[in-house]
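Each remark here refers to the structure printed beneath this line.
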Amino acid sequence: MLKQTNQVTPQQLETVPHSLTNTDPWIYQRAWVEINQAALHHNVRQLQQILAPQTQLMAVVKADAYGHGAAIVAKTVLEAGVAGVCVATVQEGIQLREAGIEAPVLIFGATDTPEQVRAIAHWQLEPTLCNSQQALLFSKILSSLATTVPVHLNLDTGMSRLGMPWQQAKQFVSLVQQLPQLKIASVYSHLATAESTDTTVIRQQQQRFDEAVSQLHQAGIVPPLLHLANSAGTLTDQTLHYDLVRVGLALYGLYPAEHLRRVIDLQSVMQVKARVMQVKDIAPGTGISYGYKSIAQKQLRLAVVGIGYADGIPRNLSNKMIALIRGQQVRQIGAITMDMLMLDVTALPDLQTGEVVTLIGQDGEFQITADDWAQSLGTISWEILCSFKHRLPRVALTVAGQEG
Ligand SMILES: *Cc1c(COP(=O)(O)O)cnc(C)c1O
């Protein structure tokens with residue numbers, strides 16, 4: 001019988017860029033993403049400094065750690081002292097287990113097929129439960145496997161996404177408590193507007209959460225852990241911290257909102273770099289790239305750079321973005337293509353093929369952040385970070401004095 005070949009195991013998914021070592025000779029040849037482990041350590045320390053005394057820090061590493069590489073980020077932040085990690089899917093959880101991560105792994109998404117339940121039990125992952133049907137299914141399958149998993153109960157206090165409506169918290173939590181093989185690890189909720197300077201909705205959600213919890217207490221149920229805050233909630237104030245905070249964006253060195261910038265000092269973890277593939281002079285009147293969206297107004301020197309929209313540089317940034325070379329700002333020009341883009345390097349007459357271009361990151365006194373791109377594109381930095389493709393190898397810049 002033929003072996004099924006259409007089933008991709010998490011291990012296979014992990015192979016291509018992530019298993020490379022930083023010393024593989026071709027890794028820096030075209031374009032890559034650098035992950036600064038020292039910045040991750042720094043951000044964990046900064047966050048820990050503002051947490052309420054009993055609060056634990058959980059690192060959100062869903063979506064391949066916002067594009068940074070889940071395994072390397074999880075290992076680094078666990079070393080730096082976070083209590084556990086959060087993912088969105090069962091597959092993301094399995095990838096971490098296969099990478100040797102033994103810490104608690106909380107899955108945010110709903111999991112409600114028998115296969116998912118068995119995988120969760122096998123890999124000792126910690127699911128989110130958000131309705132009774134799901135709780136019953138878990139209990140039934142776990143009973144047949146004679147095993148237990150810690151479960152996290154999600155209440156919807158105003159996000160209108162996943163979660164049991166907060167008004168029904170008591171019935172839901174009591175049911176789960178009575179079901180065999182389910183061990184309540186936490187009760188949590190998620191903020192919808194934590195980035196806003198207007199805290200009305202934050203306070204309303206907090207009040208609903210507190211009310212739901214007090215009803216649980218009245219029914220004699222005391223969940224071991226309560227949690228509500230994402231990055232923005234964590235940076236807002238300690239009353240939102242409860243027993244743990246679930247921090248994603250801030251861990252990667254970005255601020256969820258301008259007004260939260262003053263709270264702590266974060267360092268960007270990701271840098272996106274590529275090399276110059278060719279340098280050429282073009283005459284006035286020459287069209288540049290597909291569609292001739294740009295025509296040289298004067299004699300120009302162009303650098304062709306080996307990175308494009310198939311690597312995750314948004315094509316909508318065409319003619320709108322800046323890159324850094326030798327600590328100087330240069331303008332991108334013409335349509336961004338699938339694998340390459342052009343820069344106007346007229347100001348750098350002796351630029352050579354092979355020189356490094358920083359698309360996101362710091363070079364000399366200039367820095368380009370995911371926020372800059374998000375602003376040009378009318379989106380949020382979260383989306384920018386997640387948009388870099390696996391074609392770009394992730395290379396970890398190791399913490400000084402440590403082997404990577
Ligand atoms: C993604 C997510 C977070 C992390 O959000 P950040 O704003 O990146 O810190 C926290 N909690 C839940 C439920 C999430 O889905």
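The values are calculated or read from the model by the stated rules, or taken from the named source; none is laboratory data. None of these values were measured; they are calculated from a predicted model. Note that each Cβ is placed from the backbone with ideal geometry, even for glycine, and that neighbours are counted across all protein chains shown.
The table for this structure:
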| quantity | calculated |
| --- | --- |
| Options L235, L251; residue that is assigned to a helix (DSSP H, G or I) and closer than 16 Å to L385 by Cα | L251 |
| Number of the exception - G220 against (1) free of Cβ contacts under 8 Å to residues at least 12 places away in the same chain; (2) buried (at least 19 other Cβ atoms within 10 Å of the Cβ); (3) small (G, A, S) | (2) |
| Complete set of residues in the stretch 18-63 that are over 16 Å from L254 (Cβ atoms) and of a type in the set (D, E) | D24 |
| Checking D237 against (1) closer than 25 Å to G84 by Cα; (2) touching a residue at least 40 places away in the same chain (Cβ under 8 Å), the condition it does not meet | (2) |
| Residues of the stretch 172-198 classified as in contact (Cβ under 8 Å) with a residue 24 or more places away in the chain and either within 12 Å of I221 (Cβ to Cβ) or small (G, A, S) (or both), total | 14 |
| First in the stretch 368-397 and in the same structural domain as Q329 (by TED's automatic domain parsing) and within 15 Å of the ligand (Cβ to nearest atom), second anywhere and of a type in the set (F, W, Y) and modelled with pLDDT of 95 or more, Cβ under 8 Å, 6 or more apart | D371/Y255; S381/W373; W382/Y66; I384/W373; L385/Y66; L385/Y252; C386/Y66 |
| Number of the exception - T337 against (1) within 28 Å of D24 (Cα to Cα); (2) without any contact (Cβ under 8 Å) to a residue 40 or more places away in the chain; (3) among the hydroxyl-bearing types (S, T, Y) | (2) |
| Residue in the stretch 179-192 that is crowded, with 21+ Cβ neighbours inside 10 Å and either at pLDDT below 95 or of a type in the set (F, W, Y) (or both) present | yes |
| Top-ranked residue in the stretch 249-260 [being of a type in the set (G, A, S) and either closer than 20 Å to D198 by Cβ or within 8 Å of the ligand (Cβ to nearest atom) (or both); ranked as surrounded by the most Cβ atoms within 10 Å (Cβ to Cβ)] | A250 |
| Matching residues, the stretch 238-248, being near the ligand (Cβ under 8 Å from one of its atoms), β-branched (V, I, T) and not in a strand (DSSP E or B) | none |
